[in-house]
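Below is one structure; the comments refer to it alone.
Just so it is clear, none of the values below were taken in a lab; they were calculated from the coordinates. Just so we're clear, the structure is a prediction, and the values are computed from it rather than from any experiment. When we count neighbours, we look across all protein chains shown, and the Cβ atoms used for this are built from the backbone with ideal geometry, even at glycine.
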Amino acid sequence: MFHDIPVRIRKRMQYLERLDAEHRRTRIRQFDRLRQVPPATGKFLAMMAASAPEGAVLEIGTSGGYSGMWLSLACRATGRELSTFEIDDLKFTLAAETFRSAGINDIVGQVKGDARKHLGRYREVGFCFLDAEKSHYQECFEVVVPNLVKGGLLVADNITSHQTALGKMVRKTMRDRRVDTMIIPIGSGLLLCRKI
């Protein structure tokens, strides 16, 4: 999966990495910034998605499509498709350009709008990556977890970097008997949940 990443995907990843670095350096207004995962997090997501049981692969919060490219590697390797949700118009358009440039339109389906209005339609979920507005994490968790297949995985980003905003949600999740949960110290901190 990582040994033969297509050139088109590599080039687009590098482009988004440069764009993200520029946004951080110039301190662009927060709502315009990509806020994408670092490469190590992308690799971890791909490994987890490729190891997840059969079922839908979801991403809540597409941004520019960077993490979606990593997840597409897992989807290609396992014969699945990725459904990714984005509410912001500019990010949705940038991600569409990313998926075209990377040549992965055949396995990535974009959904425009608030993911919370669409998630209930996915009944057999094998893997879900949650990286959206922090105030929506608990609600997304509550919709996705009942629809995870046995052994299905939900990974949420920014757990250590946004402890104040997500602390209550993390504590509640750790006590949830439907899932086994742990925090992975990669990137901004990942919450890894496995459906029991």
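Annotations for the structure displayed:
- Sequence of SER135, SER101 once ranked by neighbouring C-beta atoms within 10 Å, starting from the fewest: SER135, SER101
- Span from the segment 163-196 Cα centroid across to the segment 71-122 one, whole angstrom: 24 Å
- Once backbone amide H atoms are built at 1.01 Å from N, VAL179 has ILE196 as its partners under 5 Å, excluding neighbours fewer than 5 places away on the same chain.
- The calculated 222 nm mean residue ellipticity attributable to helices in the chain amounts to -13000 deg cm²/dmol, summing -39500 (n - 2.57) over DSSP H runs of n ≥ 4 and dividing by all residues.
- Taking the Cα centre of the chain as origin and assigning +1 to Lys and Arg Cβ atoms and -1 to Asp and Glu Cβ atoms, the resulting dipole is close to 360 debye.
- Only the Cβ atoms of Lys and Arg (+1) and of Asp and Glu (-1) were treated as charged; on that basis the dipole of segment 103-172 about its Cα centre amounts to roughly 280 debye.
- Shown is the FRET efficiency for ARG171 and ALA40, computed with R0 = 22 Å from the Cβ-Cβ distance and rounded to the nearest 0.05: 0.30.
- Shape of segment 1-118, Cα gyration tensor, a/c cut at 1.5: oblate
- Under a 5 Å amide H cut-off, with hydrogens placed 1.01 Å from N, GLY152 pairs with LYS195 among residues at least 5 apart or on other chains.
- Counting beta carbons within 10 Å around each of ARG121, ARG76 and listing the fewest first gives the order ARG121, ARG76.
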